[in-house]
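I have placed the structure first, in the form of structure tokens, so that the comments after it can refer back to it.
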Amino acid sequence: MRIVIGYRDPTYLEQLQDKLESMGHLVEVADNGIDCLERMREMLPDVLALGSHLCWGSSDGVLSVMQEETYLQDIPVLIMLESDTSLEICRHPMIISSVRQPFQIDDIARQLEFLDLICEGSY
């Protein structure tokens, strides 16, 4: 599976990337919204894991651009909610699943595999 992860904590990003790559996935990471969109455009991932507090473009900005760019509209999104994030973002039509902190790396890996499985025939 091709995965892009946008999350503001570089240490957590590295750990998550290592875990997912050890499971055989191709993973690109970004610690801000602008880089996240760039990685998505380059890779066209099967799924996106998106942190709720991205800098430089924000998670809302990433989702807005995805809605505008036809080739990004069908990518299922897992939103990784920080403890102080409103659940309002989960109502965004591109969000298929969510996890709230504290979450474990294995939780994210399982959610991404589940998203790929349930969305496989829809895009």
Query - Subset of the range 64-90 that is modelled with pLDDT of 90 or more and part of a helix (DSSP H, G or I) - its residue that is surrounded by the most Cβ atoms within 10 Å (Cβ to Cβ) - result: Met66
Query raised in the report: Out of all the residues in the range 94-113, which are over 16 Å from Val27 (Cα atoms) and not hydroxyl-bearing (Ser, Thr, Tyr)?
Result: Met94, Ile95, Ile96, Val99, Arg100, Gln101, Pro102, Phe103, Gln104, Asp107
Requested in this report: Identify all residues within the range 13-23 that are in contact (Cβ under 8 Å) with a residue 60 or more places away in the chain and either within 17 Å of Ser98 (Cβ to Cβ) or hydrophobic (A, V, I, L, M, F, W, C) (or both); write none if there are none.
Outcome: Leu16, Leu20, Met23
Query raised in the report: Looking at Gly61, is it small (Gly, Ala, Ser), within 17 Å of Leu112 (Cα to Cα) and either modelled with pLDDT of 90 or more or not in a loop (DSSP other than H, G, I, E, B) (or both)?
Result: no
Query raised in the report: In the range 1-57, which residues are in a strand (DSSP E or B), aliphatic (A, V, I, L, M) and surrounded by fewer than 18 Cβ atoms within 10 Å (Cβ to Cβ)?
Result: Leu26
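The values are calculated or read from the model by the stated rules, or taken from the named source; none is laboratory data. Note that the structure is a prediction, hence the values are computed from the model and not measured. A quick note on method: Cβ atoms are made from the backbone with ideal geometry, for glycine too, and the neighbour counts reach across all protein chains shown.
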